[in-house]
1. Among the residues of the range 99-158, which ones are more than 17 Å from the chain's Cα centre (by Cα) and of a type in the set (S, T, N, Q)?
2. Which number in (1) away from ligand 1 (no atom under 16 Å from the Cβ); (2) over 30 Å from E154 (Cβ atoms) marks the one condition that L75 misses?
3. Here are R92, R23: which of them is among the basic types (K, R) and touching a Phe, Trp or Tyr at 6+ places or on another chain (Cβ under 9 Å)?
4. How many residues does the range 91-108 contain that are touching a Cys at 6+ places or on another chain (Cβ under 7 Å) and under 19 Å from G39 (Cα atoms)?
5. Out of curiosity, is L105 within 16 Å of ligand 2 (Cβ to nearest atom) and over 27 Å from E16 (Cα atoms)?
6. Suppose we filter Q87, Q31, Q17, Q62 for residues that are closer than 30 Å to D126 by Cβ, more than 16 Å from ligand 1 (Cβ to nearest atom) and not small (G, A, S); which single one remains?
7. Restricting attention to the range 77-87, does a residue exist that is modelled with pLDDT under 90 and over 17 Å from the mean Cα position of the chain (by Cα)?
8. Taking only the range 117-154 into account, find how many residues are away from ligand 2 (no atom under 16 Å from the Cβ) and of a type in the set (A, V, I, L, M, F, W, C).
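The values are calculated or read from the model by the stated rules, or taken from the named source; none is laboratory data. Remember, predicted model here, so these are calculated numbers, not experimental data. Glycine also receives a Cβ, built like all others from the backbone with ideal geometry; neighbour counts cover every protein chain displayed.
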Amino acid sequence: MQTAQDKAPDAIRIKEQFVEFLREKKYRNTQERYLVLDGVLECEEHFSADELYLALRTKNVQVSRATVYSTLDLLTRCNILVKHRFQGDSARFELADKMPNHDHLICTECGYIVEFQEETLNEIQDRVATQNGFKPLKHSLQIFAVCQDSRNCEHNRS
Ligand SMILES: [Zn+2]
Ligand SMILES: [Zn+2]
């Protein structure tokens, strides 16, 4: 568990990274974008754009749905967020540096997500890339499964 204090320096660094990206790419530096970023920093992992939009609305933050979508896109392009497309689901986002190079196990019934790191997968990534003349960077694996104990199969998504 991270406490709010652990997260504080991260939030500052992430904001600086975003400011720098907007400046470099000559995007407009609007207040709304930072309101969206603040919302992102308070989000549970693996949130969708609509979940974020509703969370902001609930807090009376005045941003449009379109701004939420476009800002999430920018945050993904500057590598602050990673975008996942889990099976049959709308895109979900998470902070890129929360847990590097992890993979996901997803219940197809209830949408519950478990994150894991498995060294063997990194070895496979490196070996397959190298054998084919690539320089390995990262990978993304999604394992689709169902909760073994059906009584637990209700972990909801929010
Ligand atoms: Zn994750
Ligand atoms: Zn389940």
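1. Residues satisfying the conditions are T108, T120, N122, Q125, T130, Q131, N132, Q148, S150, N152, N156.
2. (1)
3. When all the criteria are applied, what remains is R92.
4. 0
5. yes
6. Among Q87, Q31, Q17, Q62, only Q17 is closer than 30 Å to D126 by Cβ, more than 16 Å from ligand 1 (Cβ to nearest atom) and not small (G, A, S).
7. Within the range 77-87, not a single residue is modelled with pLDDT under 90 and over 17 Å from the mean Cα position of the chain (by Cα).
8. The qualifying residues number 7.
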